[in-house]
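Just so it is clear, none of the values below were taken in a lab; they were calculated from the coordinates. The structure displayed is predicted, hence computed values, not measured ones. Backbone-built Cβ (ideal geometry, glycine too); neighbour counts: all protein chains shown.
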Amino acid sequence: MKTRLLGGIVAVVLAIVGTLLLVTYVQAADARAQKDLQPVDVLVIQSQVPEGADLQQIRSAVKLASLPAASVPNGALKSLSGMEGKVAGAELMPGEALLGNRLVDPNSLAAPGSVPVPDGLQEVSVQLDAQRVVGGRLTAGDTVGVMVLLGQPGQAESEASAQLVFHKVLVTSVQRATSRNTNTAQASSEQANTQLPEGSFIVTLARSDVDATKIVYGAKYGDIWLTKEPAEAQESARVTIKKAEVLQ
């Protein structure tokens with residue numbers, strides 16, 4: 001009799017303990033669920049943003065919205081404070097939270113072997129042989145003088161003219177065909193500076209729309225030569241040179 005009574009008491013105690021543990025577990029699970037569902041304010045993309053878009057474009061395309069904490073990725077931004085000067089490092093699509101690592105320095109978007117185009121300028125390319133690009137020793141980031149030589153067919157030689165029309169123009173990229181005779185594994189810096197370049201170069205320059213038009217005109221109807229012109233190079237007053245001036 002006593003054994004039965006003791007067994008009953010133990011069963012009741014175990015049932016009570018089990019019930020308490022179950023209630024505690026359920027309450028903890030509810031608390032976790034409530035925490036995960038707790039809304040968090042983050043910036044959400046409202047309209048498509050192209051790669052390279054500046055902060056003003058990004059600001060106009062995002063909106064502060066509340067999302068469940070569980071659905072908010074790490075690094076999501078709540079504001080654009082402190083992001084001045086950054087641009088979109090990739091295309092941003094509607095509905096996604098704006099992540100801090102998607103905003104990058106503009107320089108990081110430049111293609112290998114090139115430099116970014118300054119604000120307000122555009123790029124124009126000219127194809128020139130090596131002697132017109134300082135023996136092919138120009139690289140992206142250099143600044144050059146642009147010399148235009150003009151002479152119409154049938155025009156007297158004395159009427160042909162040359163002028164250094166632009167100073168310190170930024171070179172954004174230089175492209176050339178790979179030399180067939182160069183063993184890149186053995187080529188040294190000295191060889192690169194003394195070897196006769198092969199083929200033409202395509203030099204891309206950053207300039208305003210009007211200046212780009214002048215460069216294209218010079219390339220189409222005359223000849224263009226580039227000088228390597230660093231920032232400290234002196235600039236003389238613009239002079240149009242004809243045959244008489246050359247011989248003075």
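A few remarks follow.
- Of the GluC sites (Glu not before Pro) found in the range 65-140, those in coil by DSSP whose Cβ has at most 10 other Cβ atoms within 10 Å are E84.
- The range 236-246 - phi-based ³J(HN,Hα) in whole Hz, Karplus 6.51/-1.76/1.60, Gly and Pro as x: 8, 4, 5, 9, 8, 9, 10, 4, 4, 5, 4
- In this structure the amide hydrogen of E229, modeled in the peptide plane, comes within under 5 Å of the amide hydrogens of T143, V144, G145, none closer than 5 places in sequence on its chain.
- Straightening the chain between Q38 and T240 buys 65.4 nm, computed as 0.36 nm per residue apart minus the Cα-Cα spacing.
- The distance between label points at V210 and A65 comes to 4.6 nm (points 7 Å beyond Cα on the Cα→Cβ vector).
- Charge tally in the Cβ shell below 15 Å around A61, where Lys, Arg are +1 and Asp, Glu are -1, A61 excluded: 0
- Remark: T213, T227, T172 ranked as T213, T227, T172, counting other beta-carbon atoms within 10 Å and listing the fewest first.
- The range 39-109 - convex hull of alpha carbons, volume per residue in Å³: 72
- Size of charge dipole - the range 39-109 - debye, nearest 20, with Cβ of Lys, Arg +1 and Asp, Glu -1, no other charges: 180
- Extension gain for D105 to Q57 (0.36 nm times residue separation, less C-alpha to C-alpha distance): 15.8 nm.
- Under 5 Å, built H, 5+ apart or other chain: amide partners of G52: A88, G89, A90
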